[in-house]
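**Q** Mind looking over this structure? Questions follow.
No value in this document is a laboratory result; all are computed from the given coordinates. Just so it is clear, the model here is predicted, and its values are computed rather than measured. Because the Cβ atoms are built from the backbone with ideal geometry, glycine has one as well, and the counts that use them run over all protein chains shown.
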Ligand code: KG4
Ligand code: ZN
């Protein structure tokens, strides 16, 4: 079964075709990073206008590269939330139009659930049984808008264990990069700077005992005070050590909480996903300390893409779950399906 995935929840316009939930036939991502860079963050109005310009050429490319026609497609999966309203609208409306015109099933997909399915795409390149997802598994989804710990018992069966109470991990990286003058997007910039430094500054970790929730706003404030107190300005040679200390604080909390939850719940695997899971310190940290096997998606499937949406859509469709042609966006859709 071949599914066309469409993703436009934030600042990437993406389309991909995936066969049977895992075999990648095409994966096209038009990034708007260059456009938003000058503002230091995503400007929602600009993002939706860019999606309008890019979406048709991106879908065309995703269909043409593997030489597919609409007769080859069995369904269209599209992100309908969470995300920026004006951005989501573009993907959902285009998906609905094509589905209606071609009389194809449409599958509305939760962006956070889709991130998890980046881990199914790896089975295209990995051969052994051990590389396949085994339930129940624990999913750490860390992106620009969310930091969620979710117990996945099977396809479509989730239990949310923890979430961020304030800033998401990616948002914290982005704000730290701003404070340190490292540019946008912040995560890769902080990681690059940190690779030249050592974690020599003491920064706080919010452990929130007896809870799987996260909190990163205190760390961000502590970073701000450190920079003021030590009079560290962009370009200062100490920036690399501050970046390394900041990254270590975030990774420490994510790794410790995830490993503890995996132990407490007796899961068979840990699955990483979301933009922040591209971070090498986080990937290595979890692999080193998890009590069970860890799956990490290839870097290109960590940040927003439509292959993960198509894979997720395949498991909905296989389960007989489709949306109606009046599918609407839900910008604040929660992981559990609540708004
Ligand atoms: O999943 P994603 O592409 O979009 C959302 O759904 O939000 O995640 C984007 C976030 C940004 O905050 C970005 O700074 C962060 O992921 N990120 C990273 C890295 N690459 C992207 N954070 C830390 N280290 C990285 N290498
Ligand atoms: Zn995302």
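**Q** Cut-off 15 Å, label point 7 angstrom out along Cα-to-Cβ of residue 192: give me the residues of segment 245-287 whose amide nitrogen falls inside.
**A** 279-280
**Q** Still on this structure, please answer the following. At a 10 Å Cβ-Cβ cut-off, how would you order 135, 216, 173, fewest neighbours first?
**A** Ascending number of Cβ neighbours within 10 Å: 135, 216, 173.
**Q** Find the relative contact order for the chain and round it to a whole percent, using C-alpha pairs within less than 8 Å whose residues are 6+ positions apart.
**A** On the way: 780 pairs, mean separation 86.2, N = 339.
This gives 25 percent for the chain.
**Q** According to a simple spin-label model (label point 7 Å from Cα along Cα-to-Cβ), what is the distance in nm between residue 72 and residue 230?
**A** So the label points at residue 230 and residue 72 sit 5.4 nm apart.
**Q** Please state the equivalent ellipsoid semi-axes for segment 39-153: what are the square roots of 5 times the Cα gyration tensor eigenvalues, largest first, in whole Å?
**A** Each semi-axis is √(5λ); the values are 27, 22, 14 Å.
**Q** For the chain, what Kirkwood radius comes out of the mean inverse Cα-Cα distance, in Å? Could the numbers behind the result be given before it?
**A** On the way: mean 1/r = 0.0493 Å⁻¹.
About 20.3 Å for the chain.
**Q** May I pose another question? If each DSSP helix of 4+ residues adds -39,500 (n - 2.57) and the sum is divided by the residues in the chain, what number results at 222 nm, nearest 500 deg cm²/dmol?
**A** When only DSSP H runs of four or more count, the value is -12500 deg cm²/dmol.
**Q** Return one number: the angle in degrees, 0 to 90 and rounded to the nearest 10, between the long axis of the Cα atoms of helix 239-265 and the longest principal axis of the Cα atoms of the chain.
**A** Tilt relative to the chain: about 60 degrees.
**Q** Normalised by the empirical 2.2 N^0.38 Å for globular proteins, what value does the Cα Rg of segment 191-283 take? The partial results should precede the final answer.
**A** On the way: Rg = 14.8 Å, N = 93, 2.2 N^0.38 = 12.3 Å.
The reported ratio for this selection is 1.20.
**Q** Please give the length that would be gained between residue 217 and residue 165 if that part of the chain were fully extended, namely 0.36 nm times their separation in residues minus their C-alpha to C-alpha distance (nm, one decimal). Write down the numbers at each step before the final one.
**A** Values: separation 52, 0.36 × 52 = 18.72 nm, distance 0.88 nm.
Taking residue 217 through residue 165 to full extension adds about 17.8 nm, to one decimal.
**Q** Right, here's the next one. GNM, the chain, Cα, under 10 Å: largest mean-square fluctuation among 317, 226, 140?
**A** Per the Cα network of the chain with a 10 Å cutoff, 226 tops the list.
**Q** I would also like to ask the following. What's the extension gain from residue 37 to residue 209 if we count 0.36 nm per residue and subtract their Cα-Cα distance?
**A** Result: 58.2 nm gained on full extension.
**Q** Shifting gears a bit: Convex hull volume of the Cα atoms in segment 235-278, per residue, in Å³?
**A** 69 Å³
**Q** Using the alpha carbon gyration tensor of segment 210-339, what are the three equivalent-ellipsoid semi-axes (square root of 5 times each eigenvalue), largest first, in whole Å? Working shown, then result.
**A** Numbers: eigenvalues 231, 83, 48 Å².
In descending order the semi-axes read 34, 20, 16 Å.
**Q** For segment 45-168, give me the percentage of DSSP beta bridges that are antiparallel, rounded to the nearest 5 percent.
**A** Numbers: 11 of 16 bridges.
Around 70 percent of the beta bridges assigned by DSSP in segment 45-168 are antiparallel ones.
**Q** Still on this model: When only Cα pairs under 8 Å and 6 or more residues apart are kept, what is the percent relative contact order across segment 38-103?
**A** It rounds to 40 percent for segment 38-103.
**Q** Of the candidates 287, 232, 116, which one comes out as most mobile in a Gaussian network treatment of the chain with C-alpha springs shorter than 10 Å?
**A** Per the Cα network of the chain with a 10 Å cutoff, 232 tops the list.
**Q** In whole angstrom, and with the biggest value first, how far do the Cα coordinates of segment 1-101 range along each principal axis?
**A** Largest first, segment 1-101 extends 41, 23, 21 Å along its Cα principal axes.
**Q** Something else now. At a threshold of 8 angstrom on Cα-Cα distance, excluding pairs fewer than six apart, so keeping six or more, what relative contact order does segment 29-173 reach in percent?
**A** Once divided by the residue count of segment 29-173, the mean separation gives 14 percent.
**Q** Work out, in µm²/s and without decimals, the Stokes-Einstein translational diffusion coefficient of segment 110-258 at 4 °C, 1.567 mPa s, Rh from Kirkwood over C-alpha pairs. Show your work: numbers first, answer last.
**A** Working: Rh = 16.6 Å.
Reported coefficient: 78 µm²/s.
**Q** What is the angle, in °, between the Cα long axis of helix 280-289 and the longest principal axis of the Cα atoms in the chain? Nearest 10 is fine, range 0 to 90.
**A** 80 degrees
**Q** For a footprinting-style exposure proxy, rank 195, 324 by other Cβ within 10 Å, fewest first.
**A** 324, 195
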